[in-house]
Structure formats: structure tokens, C-alpha cells
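The values are calculated or read from the model by the stated rules, or taken from the named source; none is laboratory data. What you are looking at is a predicted structure, and each value in this text was computed from that prediction instead of being measured. Because the Cβ atoms are built from the backbone with ideal geometry, glycine has one as well, and the counts that use them run over all protein chains shown. Heads up: the accessible areas ignore ligands, DNA and RNA and are worked out on the full protein's heavy atoms, side chains in. Shrake-Rupley method; radii C 1.70, N 1.55, O 1.52, S 1.80 Å.
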Amino acid sequence: MKKKAIIFGVTGQDGAYLSKFLLKKGYIVHGIKRRASQLNTYRIDDIYSDPLIKKNNFFLHYGDVTDSISIFSIINKIKPNEIYNLAAQSHVAVSFDLPEYTTNADASGTLRILECITRINKKIKFYQAGSSEMFGKVVESPQTEKTPFYPRSPYGVAKVYSHWITVNYRESYKLFACNGILFNHESPLRGETFVTKKVVKALCKIKLKKQKKLFIGNLSAKRDWGHAEDYVQAMWKILQNNKPDDFVICTGKQYSIKQFINMVSKELEIKIKWRGKGIKEKGFDENNNCIIECSKKYFRPAEVDTLVGDASKAKKILKWKPKHNIQSLIEDMISYELNLHKNAQ
Ligand code: NAP
Ligand code: G4F
């Protein structure tokens, strides 16, 4: 019998990569999407034209993690072997503007799914999309599964709730419920307001003379960036382990936003000279045009200055090994962006 998986958040970056990964493994995948005023399935539309994927194994249902009735009905109807909860208001800066909604979706949403599992079938395996944002104002570096949390945003706080409610349901009801504590992971399918995609998109357009300037926030924050393709494999491996457990997934290398901009510029053969300090720091091209400028608009009320993880546990127990590094991630993101422009001509 084929395994059945439900993916909450199927239309997002990770939902798209995970759907393709599970379909290639022979799963029947049921994706849950929200109603939107315009089509929001562009990241998964290619599933229907991929010859390696059997179309009749992929189903979409309307649902929302803020709506218990929809969650219960879908899980009860499908009776899946595995549930991946990727649904979230996932933008940290936006969570300061929408704290109550973020808490409803990112914290209570997880509780709703767990509660449905206990009522429908306790054997359903559950993956919770935890985040390195939970480490926030880090108390040690690198961060491991044992590092205490110190969240710095409504998003981070909501994810900490989800982490602990997942642990609590595992211990209380013996659920196979697991947390992946994933560090930033990016790809060509990354949402356009996250910093890597924003930088790659803008610098490609600047190179093609279709944009003059990139406005950016904090250049000195540091992140541990991996590729989403590697990270969805880790999600699956977490649910195939012989016991439910929590795992940090990361590369172990960190770069600042400024270093990331420099790496993307180098790949695009744009020579940037930096002048000024702090919010006044600016980037100039070889003709002395200012192409990068900081704007207060992109700074957050509280910042996570530095994140870098240690994935030794996942490497040892799950035998997880990422294929990509920062260079191949950047090449993948740039080539996707340049192709879009080529095809639009
Ligand atoms: P994403 O691209 O923003 O995708 C989020 C998904 O959740 C989208 O499909 C979105 O639907 C859906 N969603 C939002 N609110 C919902 C609701 N109320 N009910 C049902 N679905 C809802 O995020 P991602 O990068 O793929 O990340 C996936 C998960 O991993 C998220 O939980 C995120 O917080 C977490 N995470 C991400 C990273 C990372 O670096 N990418 C790192 C750690 C943890 P729409 O398409 O309709 O908006
Ligand atoms: O790309 P970001 O918005 O990602 P952030 O805040 O680290 O959150 C992402 O990763 C988390 C895992 O740690 C996920 F849980 C979460 O769902 C999301 O996927 O910002 C990265 C850094 C921040 O320090 C931010 O202040 O880049 C800095 N930054 C500087 N200028 C900017 C900008 N971020 C954005 N989005 N836009 C800017 O213009």
C-alpha cells in the first residue's frame, strides 16, 4: 500500500519541494491550500507536467490551520500515515504587524492538528516546522537541540509554543510527533520579501539595467543559509527515524547579509565598493552609481543578530547530508532569475 501524506502549507517554498520529493518516493500526497483571490499554486503547477511524477497521486484541498473544522474533516477523510505542518505566517518582520494572526496560525494551528491526530488516529506521524528563530538572542554558538530558546519576535514566540506543544503531545499521548529546528533555507522558489531572494532578484535586474537601486535593512545580521531541496529531505528522514525526536538542520556556516550581497555580486560580475557605516552604508558600482542603500523600513523592532547551527545529531542519526553549499545555492537562485528575464524577452 502506498503511503499517504498530508502537507499543510503545500503552496509555500518547502511545500513545493516536499511534494515533489514525496511523490518521487511513491507517496500519495494531499496538499492543503488556502483560498486566495488569485491563483496561488504557481510553485506546484509543474507537478502536473513532470513526467517522473504520477499526476493521480497528487490532490489539493482547501483548508486553513486557523479553522479546526477544516483540519478535522481533511485528516478524518484522508487518514494519512504522515502529516507535515509547514503552514505558517512565516515572515518574521510581518509578525510584528500581525502578532495575533501569527499566533493563531503558527502556534494554535499546530495544537489544532495535534488534537485532531489524538482524536482520529494516534499512529499518524507528525512533523512540525520549527525554526532557528526560536534561538533568537542566542545564548550559545553554534546552536544545538539542547540550546535554550530566546525568541525575539511574535513569530519566534509562536514557534516556541509549537515546539513545546509537539513535545508535550508526544510525551502525553505517545504520538510520533517530531520537531525539525530548521535554519534559514532558500531556493529559487523563496518568497520575494525574504532577504536572499530580494537581493538576488534586485542584483539580477540591476545587472540587466532593469532596476537602479536595492533598498535593504540590517547588513550585519548573520545567517546560516542552506538549500530547501536538502532540508525537505531532512523533514522526511525525521519521520522515518525509529523513534520520534527533535533535530537541528543547518549547514554550520554563517555569512552576513553584506557578505551574501558580495557573493551574489561577484557571481554576476558586478563590482561593489562600500562606503559609510551603519544605516549610512552604501554600495556603489564601478561607475560610482549608488546601487545599494539602507532603509529604516526594513529594520525590525528586535533583531536576531547571529544564527549558526550544529547538525551533528541529524548527520549521525539520520545520516542526513546536504548536497548544496552557499555557492551552489546562489548559482541556482541566479540562474532561475536570469532565465525568467530571458524567457520574458
Ligand atoms: P512559506 O513559503 O511562507 O510557506 C508557508 C505556507 O503556509 C504557504 O503555503 C502558505 O499559504 C501557508 N499558510 C499560511 N498561513 C496559513 C493558514 N492560516 N492556513 C493554511 N496554510 C497557511 O514558508 P516556507 O519557507 O515554505 O516555510 C515552511 C515552514 O517552515 C513554515 O512554517 C516556516 O515558518 C518554517 N520555517 C521556514 C524556514 C525557512 O528558512 N524557509 C526555516 C525554519 C522554519 P499561501 O501560499 O496561501 O500564503
Ligand atoms: O530573510 P529574512 O527575512 O529571514 P529571517 O528573518 O531569518 O526568517 C526566515 O528564516 C527563519 C529561520 O531562522 C524562518 F523561521 C522564517 O520563517 C524565515 O523563513 O531575514 C534575514 C535577515 C534578518 O536579520 C533581517 O533583518 O536579513 C535581514 N535583512 C536585511 N535587510 C532583511 C532585509 N530581511 C528582509 N526580509 N528584507 C530586507 O530588506
Using each residue's phi in the stretch 90-103, evaluate 6.51 cos²θ - 1.76 cosθ + 1.60 at θ = phi - 60° and report the 3J(HN,Hα) Karplus result to the nearest Hz, with x for Gly and Pro. 9, 9, 4, 4, 5, 5, 6, 8, 10, x, 6, 5, 4, 5
Mind checking the log10 I(q)/I(0) for the stretch 156-209 at q = 0.17, 0.25, 0.28, 0.30 Å⁻¹? Debye, one equal scatterer per Cα, no solvent, two decimals. -0.68, -0.94, -1.03, -1.09
Need one number: nm distance between label points at GLU293 and SER256, each 7 Å from Cα along Cα→Cβ, rounded to one decimal. 2.1
Given R₀ = 56 Å, FRET efficiency for LYS137-MET1 by Cβ-Cβ distance, to 0.05? 0.75
Carbon and sulfur: what percent of the stretch 1-99's accessible surface (1.4 Å probe)? 55
Relative compactness, the stretch 94-239, computed as alpha-carbon Rg over 2.2 N^0.38 Å: 1.21
Among 238-249, 285-296, the order from most to least packed when residues are scored by Cβ within 10 Å on average: 238-249, 285-296
Give me the distance in nm between label points sitting 7 Å out from Cα along the Cα-to-Cβ direction at GLU281 and PHE215, one decimal. 2.0
For LYS316, the aspartates and glutamates lying under 19 Å Cα to Cα, once residues fewer than eight places off in the same chain are dropped, come out as GLU145, ASP230, ASP245, ASP246
I need the P(r) histogram for the stretch 97-167: all alpha carbon pairs, bin width 5 Å from 0 out to the longest distance, whole percents. 3, 17, 25, 21, 15, 12, 6, 2, 0
Extension gain ILE120-LYS323, at 0.36 nm per residue separation less the Cα-Cα distance, in nm? 69.3 nm
Suppose we look only past 23 Å in the calculated P(r) of the stretch 211-330. What percent of the Cα-Cα pairs does that tail hold? 45
Jot down the per residue volume, in cubic angstrom and as a whole number, of the convex hull over the alpha-carbon atoms of the chain. 140
Over the C-alpha atoms of the stretch 277-333, what are the Rg and the largest Cα-to-Cα span, Dmax, in Å? 18.3, 52
Please turn the phi angles of the stretch 330-335 into ³J(HN,Hα) values with the Karplus equation 6.51 cos²θ - 1.76 cosθ + 1.60 (θ = phi - 60°), one per residue in order, whole Hz, x for glycine and proline. 4, 4, 4, 5, 5, 5
Dipole moment magnitude, nearest 20 debye, the chain about Cα centre, only Lys, Arg, Asp, Glu C-beta charged: 500
Please list the three semi-axes, largest first and in whole Å, of the ellipsoid equivalent to the stretch 202-263, using sqrt of 5 times the eigenvalues of its alpha carbon gyration tensor. 35, 15, 8
Between the residues VAL308, ILE206, TRP320, the Cα farthest towards the positive end of the dipole of the stretch 191-324, that dipole coming from +1 and -1 charges on the beta-carbon of Lys, Arg, Asp and Glu, is from ILE206
For the stretch 204-219, Karplus couplings with θ = phi - 60° (6.51, -1.76, 1.60), whole Hz, Gly/Pro x: 5, 5, 4, 4, 8, 6, 9, 8, 9, 9, 10, 9, 9, x, 5, 7
For the chain, dividing by residue count, accessible area per residue (probe 1.4 Å) in Å² works out to 48
Under a cut-off of 23 Å between alpha-carbon atoms, report the lysines in cross-link reach of LYS122, not counting same-chain residues fewer than 8 places apart. LYS2, LYS3, LYS4, LYS77, LYS79, LYS159, LYS174, LYS237, LYS243
Burial ranking of peptide ranges 35-45, 211-221, 1-11, 252-262 (average Cβ count within 10 Å, highest at the top): 1-11, 252-262, 211-221, 35-45
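Take the Cα radius of gyration of the stretch 1-131 and divide it by 2.2 N^0.38 Å, with N its residue count; two decimals is plenty.
1.03
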Of all beta bridges DSSP finds with both residues in the chain, what is the antiparallel percent, to the nearest 5? 20
Name the residues whose placed amide hydrogens come within less than 5 Å of the amide hydrogen of LEU182, ignoring near sequence neighbours (fewer than 5 apart) on the same chain. GLY130, SER131, SER132, ILE249
